[in-house]
Every structure is written in structure tokens, then in C-alpha cells.
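Everything on this sheet refers to the single structure shown next.
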Amino acid sequence: MSETPSHGPVKYIMPKWIRGPQDFVGGLAMVGIAVFALWASSDLQGMRGFSFGAGTAPRMFAYLLLGLGIAITIVGLVKHGEHITTYAWRGPLFVSLAILSFAASIRPMGLIFSAFTSFLISAMGTPETKWKQTIIVGICLTTFCSLLFPYALGLPLQMWPKFMIR
Amino acid sequence: MGEVFSNLGMGFGVVFQLVQWTPAFLGGMSIPIPVNILLCLIGALVGTLVGVLPGIGTIATVAMLLPITFGLPPVGALIMLAGIYYGAQYGGSTTSILVNIPGEAGSVVTALDGFQMAKQGRAGPALAIAAIGSFFAGCVATVLIAVLGAPLTKLALAFGPAEYFSLMVLGLIFAVVLAKGSVLKAIAMIVFGLLLSMVGSDIETGASRMAFNIPELADGLGFATLAMGLFGFAEIIRNLDAGGETDRQLVQQKVTGLMPTRKDLKDSTPAILRGTALGSILGILPGGGAVIASFAAYTMEKKLSKHPEKFGSGVIEGVAAPESANNAAAQTSFIPLLTLGIPPNAVMALMVGAMTIHGIVPGPQVMQKQPELVWGMIASMWVGNLMLLIINLPLVGIWVRLLRVPYRLMFPSIVVFCSIGIYSVNNAPTDVMLAGAFGLLGYWLIKHDFEPAPLLLGMVLGPLMEENLRRALLISRGDWTVFATRPLSAVLMAISAALLVMTILPSLRKKRDEVFVESEN
């Protein structure tokens, strides 16, 4: 199995008086998002008479989320609940890297290059990867995608790196 | 009644429409091709193909396959999407029966008895009954949509902005009541979705809101981007976390003898009938949908059964009822979408997203202005169900083989496929990065027991709610009591309030939890 234990609760990080760490942190994060949204929409116009301004609805929802976040945090304080499970780092890291690499390379390098590299990068997300097999499947998938999207579906995608087309 | 038949007739006309194909190599000869039927078939096949992959739910499947419909004309695209949806659902039940890994929440209960049947070597009959039950439910639901479509559309035309707003509130409250887990968290997710939908330019003043001068955000967050990030990428990351291969106990025996025995049929008939009825009703309710329908049908069947203790050890009713119910609900949930323009659940929210991409604003106007689109889609539902029945049973062998594809090869493929899909929506690399960010967000949400489905619903309903709220208040000259003084709106608001109070009451809350606990043991 993977080297990151997936379900062991993390103990002793949170002080004892927080009875439901999962809800507590979740609630705080909602509060954070709400505060951020309030700040982000602070420059927008509010109510003009009885008609809504651009900022009215966003602020309304943000205040609502703020209230809910506080409520969830309080629930996390008083009610016994789940611990926070550990986060795996390997999967999220390599999947994100693969996505980033795709986004960065699709314009300059074209579909074939970026699809294949991001396939390989995301394959690093699990220790179970067998490279020979992965490379073969990667080639097959790249071929499949470069036939499916531009030809079968008629989407305008650039296939080869820019410097090669020129 | 006559109207229903003529409408359905028009629908089938659209589905069976032939397009003359004149390829150059035939030298001017043309071949008639039933394009829409083909699209429906491809949709159902591809949907099952992806839906069968363990750990990929219905929403993820539809989100992932959304881009392949972009190049099609609107009618074809929607027919194909509907096909994908049913295919995905059917694929989900196949995995729960054969591998005990429900591909989606709706087939969790199917796994309880279905997998036991498979272990006893009765996977064939279980799959067959699931298909037959789904087909029967699909037929009933199609008729129901056709019958209810027109009158509900007329009702919808009488709705003013206040009524629309109240109806959407009701829908969201329903979604909360029927969601699994904490009520507070579900509401928070909806509001978060509403908030995300505010990003971009304001519909009335055109002012840029919360876009931070990033040009890609000026038009708002892309719906496909959000859905694929929250469901596609997040699912992958989560599955990696759980160590992909560990709990796949694939049934190794060959699936033989598809035909159910006479006793199976006799036992499952009442279950199918009850499941269909319950599913149809729950599907129409805003916020309802396939998941809750299958849970409720299983619970009901267990309560009504003469031998409730046998449930969970491989009884055919335990497969028949939830499968019929979830298919019935999957289809009747199109009713609020097509007539009122309000998506009742996350999959329908995706449908709205697809419609908007094709320039269609769902609602009563569509029913009147583009009847061939709506009725074509309705007729295609029936055709899609028939196809699933015909293609899936013989193809079970292929689906089983697909289940053996190791996750280590599957997930990089999904990452690449999703990335290309998102990029192809706008040809924007930023969208891909945003989806990646939403993937991480989705992973975090799952870790903290927040459900991402209500968020998606909120995201789609946000602009509609804001618009109607603004209009209602403008018409009433700023008077907030308008929601309580207009009779229809008042009724809807009263139901919402009652529902919310009921969910918070301890006794009812226990009941609600009970239904969901079923899935966990």
C-alpha cells in the first residue's frame, strides 16, 4: 500500500477543548472564505434606494456564509466529532503538477507533447506505477486523444510544438 | 391526452430523424443516417464505459464527458448527454453488483444485496433484474414527463420573479434536507456555491465583481471548469489517497446465466413497481434525485418485506427496488429542469451548464419556442433506456474486463482527458489551472465532510436567484414582504420553512440519519 496511512486520526495537534476538530477547522475555513469575499466585494456599490447594487447580493451571501461558518465552528467546539484525517501529499502534489504542466505547455508545445508529459507526471502520484507499462499506455492515450479531440470532435487544438510548425 | 401523443410523436420524429450523408468517395450517393439515435447510442455506451470505472460517480462522468458534446448541434448534444447520464448510472450499478464498489452514491444500496448475489454466483440475474427494473422505470418516467410537461409549463408561465425566487429557495432547502450529513454544512456549501457564482460581471450594471482584474475571471467562473475540478480531479486525488487497489474484491467467477428465474421475476415485480412509483415522486421534488430515491426505496422494501432479516444477504428485491427507483428519479428530475428551468440536483445543474454553453436558457420559454429540442430529448430518454437494456446485458463481459484495469493506469488517463476537455472549452490554459485549484478545494471539502454536490447546485442557481430577487424587489418597490404576500410564493416559502424546521427537530433528524446509515454497514 501507499506509504501514507490514509485513515489514522491525527491526535494531539488540536487542544482537548475542541471536541470536533473536523468541523472546527471546516467552519473556520468558511469564515475565512466569507471574510475574503466581503473584502473582495467591498468596492462594489450597495443598495440604491430599493434597487440592488452590484455588491448587494455578493455581500448578502458572504454574510450568510459568515454566519454559517461561525455556527459550524461552534458545533465543532461543543459537539464530539470526527478527527481530521491526514492528508496524503503524493497524490495531490503530482496530480496538481501534471495539471500545471499541461496548462503551461499546451500553448507553446501542442497537444501531443503536453498530454504525454502530464500523463507521466500524474503517474508519479502513486508508488504502484510500473514505468514500462505506464509509458506504453501513455503513448496509446496520447494517440487516442489526438485523434478524438481534433478529428472526431472537430475541436481546434494545436497538435505539435509551435517551433516545429514554423 | 391528444396533445401528449402529438408531442411525443414530434419527439420521436426528432430522435429518428435521418440525415443524408454524402461522402465524396461514394461519388454523389447519399446514405441516410439516424444521427440522433447514433448519438444516443454512443452516449449510453461511453457513459457506461466511464461509469463502470470504479470510484467515478455519475456527476464526475457527466462532467468529464461534457466537452465531447460541444461540437454537436444543441439537440444532438443534449440527447447524447442524457444518454451519458443513463449510461453512467447503469455503469454504477454494474460495479456495485460485481465489485462492491458503488461508482456513485445512488447505487450504494444496490451493492448491499447485489454483491452478495454475485458472490453466490447469481451476478447474471442481479444485473438482468437491475436492467429490466431500470427499463420499466424509464418507460413510466418518460410517460410521466410527457404528461406533466405541458401543464407544468403553463403553471411556470404564471410565475413572477417572487415565485421563482421562492421556488428556488424551496429547491435548495430540499437539497439540504435530502443531503447526507450535517444540515449546517450542506447549507454552507450551497451559500459558498452562490458566492462563487457572483464572480464575474454583474448582469445589470456590468460592474466587475470579485474578479481581481484577471481577464479570465471577467465572465465568471466557468461551469465546466468548476464541475470537472470538484468532481473529476478531486475524485482522483481522493481515490489515490485511499490506496487505489486495496479493496477491490472482484468477483472472479464468470458471469453465466443472465436469465433470472421465474421466482426472481415474481419476487422482483412488486419491488420494481414500488421502486418506480417512489422514485418518480422523489425525482420531481426539487433537491431530490437518484440518490435519495434508491435509499428510500431500499428502506421501504425492507420495511414491507415478509423477511426483512434476509436483506443484505442477497435478495433480489434489494436490487430491483433501488435500481428502479434511481432510474425513475433520474428521469423525472428532468421535469423541473425542462418546465421551470430549475435544476433539482447536481447532475441537472450540469445539464443547465451544457444548455447554456449551447446558448439555450432552460425554462418554460424553451418548451414553447423550441419544442423539438425538449420533446426530442424526452423521446430520446426512452430510446436510451431501451438501448441500455439491449446493449448492456450482452456487453457485461466487456465491463467486467474494464474493471480489471488497474487504477495506476486509469487515473493519469483521466487527468489528461479532463485537462484536454477543460482546455477545449475556451482554449484557455487558465481554466485548466483553475480546475486544478478546484480539485484541491474539492479534496479538502471531502476531507472535512463537506459535500460538493450542493455547491454545484448553488453555483448554477446563483445568478437566477439574484436576478429574480432583484426583479421581485424592484417590482414591489423594495418591499420584502412581497414573498409572503403573493399567495403562491407564500406557500412555497412556508413549505421551505417547515422543511427546515423539521430537519432540525431531533426526532426527524434521527429518521433521516437512519436512512443514510443503511449504506455504511
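Table for the structure above
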quantity: Filtered residues of segment B:197-237 (kept if of a type in the set (D, E, K, R), in contact with a Lys or Arg (Cβ under 8 Å, 6 or more places away or on another chain) and modelled with pLDDT of 80 or more); calculated: B:Asp202
quantity: All positions within segment B:147-169 that are among the hydrophobic types (A, V, I, L, M, F, W, C), more than 19 Å from the chain's Cα centre (by Cα) and open to solvent by less than 40 Å² (accessible area, probe 1.4 Å); calculated: B:Ala150, B:Ala156, B:Phe159, B:Ala162, B:Phe165, B:Leu167, B:Val169
quantity: Hits in segment B:260-287 - residues which are charged (D, E, K, R) and free of Cβ contacts under 8 Å to residues at least 60 places away in the same chain; calculated: B:Arg262, B:Lys263, B:Lys266, B:Asp267, B:Arg274
quantity: Residue list for segment A:88-116, restricted to those being within 7 Å of chain B (Cβ to nearest Cβ) and either acidic (Asp, Glu) or not in a helix (DSSP H, G or I) (or both); calculated: A:Ala88
quantity: Qualifying residue in segment B:317-340 (condition: open to solvent by 10 Å² or more (accessible area, probe 1.4 Å) and in a loop (DSSP other than H, G, I, E, B)); calculated: no
quantity: Helices (runs of 4 or more DSSP H) contained in segment B:442-508 and holding at least 3 residues open to solvent by 60 Å² or more (accessible area, probe 1.4 Å); calculated: B:452-475, B:487-504
quantity: Test set (1) among the small types (Gly, Ala, Ser); (2) closer than 30 Å to B:Leu195 by Cβ; (3) within 12 Å of chain A (Cβ to nearest Cβ) - B:Ala453 fails condition number; calculated: (3)
quantity: Any hit, segment A:136-153, residues being assigned to a loop (DSSP other than H, G, I, E, B) and either more than 30 Å from B:Lys185 (Cβ to Cβ) or facing chain B (nearest Cβ under 9 Å) (or both); calculated: yes
quantity: Cβ-Cβ under 6 Å pairs, at least 6 apart or on other chains, segment B:467-489 side at positive phi, far side surrounded by fewer than 20 Cβ atoms within 10 Å (Cβ to Cβ); calculated: B:Arg477/A:Phe50; B:Gly478/A:Phe50
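Residue by residue, here is whether (1) modelled with pLDDT of 90 or more; (2) open to solvent by less than 60 Å² (accessible area, probe 1.4 Å); (3) under 18 Å from B:Ile237 (Cα atoms); (4) not small (Gly, Ala, Ser) holds:
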{"site": "A:Ser101", "(1), (2), (3), (4)": "yes, yes, yes, no"}
{"site": "A:Pro127", "(1), (2), (3), (4)": "no, no, yes, yes"}
{"site": "A:Lys132", "(1), (2), (3), (4)": "no, no, no, yes"}
{"site": "A:Ser146", "(1), (2), (3), (4)": "no, yes, no, no"}
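The values are calculated or read from the model by the stated rules, or taken from the named source; none is laboratory data. Quick caveat: nothing in here was measured; it's all calculated off a predicted structure. In this analysis, Cβ positions are derived from the backbone assuming ideal geometry, glycine residues included, and neighbour counts consider all displayed protein chains. Surface areas here come from the heavy atoms of the whole protein model, side chains and all, with no ligands, DNA or RNA. Shrake-Rupley method; radii C 1.70, N 1.55, O 1.52, S 1.80 Å.
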